[in-house]
Amino acid sequence: MQDRLDNQGRTRWRRFAALMVPTTAAVGAILFGMSTGAIASDITVSGQTFKIGAKRLEGDGFKQYGGIVREKGKDGKVHPIALSEISSADLYSLCQSVRADLPGVPVVLTINAGEGKEPAHAQDLLIAMDSLEGNATFTNIKIGRDATDLNPTAQAGSFGQNSEHVTITNLQQVSRYTTAASFNLVGLRLKVNVGDDAKGKECF
C-alpha cells in the first residue's frame, strides 16, 4: 500500500516538473526575441498559454504583423498569433503567471520583477500572443505596410505596422511563446503557489 502511494506521489511530482520546465526557462526569456530572424512558425510550442502583465511598457523599434506557432508533434495544432517585435523595452512592475495544476490541486507559478524605480529591461524582443489589452500610444506609426518590409521571413502581402516608439499602460497579454536576446529582471521574485494559495495569483 505504501509503495503504491509513494509511486503515485512520484508520478504526480514528475507531471508537475514537466509542466514547470518551460515556465522556469521563461525566467531568462519572458518576451519572445527575434535577433536571429527566425519567424514563429519555425518554433514548436507546448500549446499552453501564459499571462504577462505590466503597469507600463516603454519600447523602441516596434513592429507588428501576423504569424503562426505549431504544437509539438507530427500532427501538432497550428495557432495563428500576432507577432510584435520591440528592439529595446523597459517594463515596470512586470508579472508573468502560468497555470500548472496537478490532479485536484490548483498550482500557479508567478514571476515578478521591476517593481521598484528600476524596470525590467529587454533587448530584441518578439512577442507571440493570442491577445493584448491596455492603453497604447505610438510615435510616428506607419499602418498597412507589407509584413516582409518589417521582417523578410514574414508572409509576403500580409498586413504589418511599425512605429519608432510605443508606450502601453495597464498591459495585459496572453502569450504562447516568448524569448529575448537579453533580459534583465531587476528584483526577480519567483513563487510556486499551491492549493488555496494559488487562488487569484494569476497576473490578471
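For residue 199, the lysines whose Cα comes closer than 27 Å to its Cα, not counting residues fewer than 8 places off in the same chain, are 51, 55, 191. Electrostatic tally near residue 173: other residues with Cβ closer than 10 Å to its Cβ, Lys and Arg +1, Asp and Glu -1, net -1.
Note on region 128-204: the C-alpha convex hull projects to 7.5 nm² when averaged across all orientations.
Which of rounded, prolate or oblate describes region 50-204 when judged by the alpha-carbon gyration tensor and an a/c cut-off of 1.5? Taking the square roots of the gyration eigenvalues as a ≥ b ≥ c, region 50-204 is oblate. Taking label positions 7 Å along the Cα-Cβ direction at both residue 118 and residue 192, the computed distance is 2.9 nm, reported to one decimal. Couplings for region 94-103, taken from phi via the Karplus curve 6.51 cos²θ - 1.76 cosθ + 1.60 with θ = phi - 60°, read 6, 9, 10, 9, 9, 7, 9, 4, 8, x Hz in order; Gly and Pro are left as x.
Can you tell me the length gained on complete extension of the stretch residue 87 to residue 184, counting 0.36 nm per residue apart and subtracting the Cα distance?
On the way: separation 97, 0.36 × 97 = 34.92 nm, distance 1.43 nm.
Working it through step by step, the gained length comes to 33.5 nm.
Can you give the net charge of the other residues whose Cβ lies under 11 Å from the Cβ of residue 184, counting K and R as +1 and D and E as -1?
-2
Bear in mind that the values in this text are calculations on the coordinates, not laboratory data. Bear in mind that the values here come from a model prediction, so they are computed numbers and not experimental data. Positions of Cβ are backbone-derived with ideal geometry, glycine not excepted, and every protein chain shown enters the neighbour counts.
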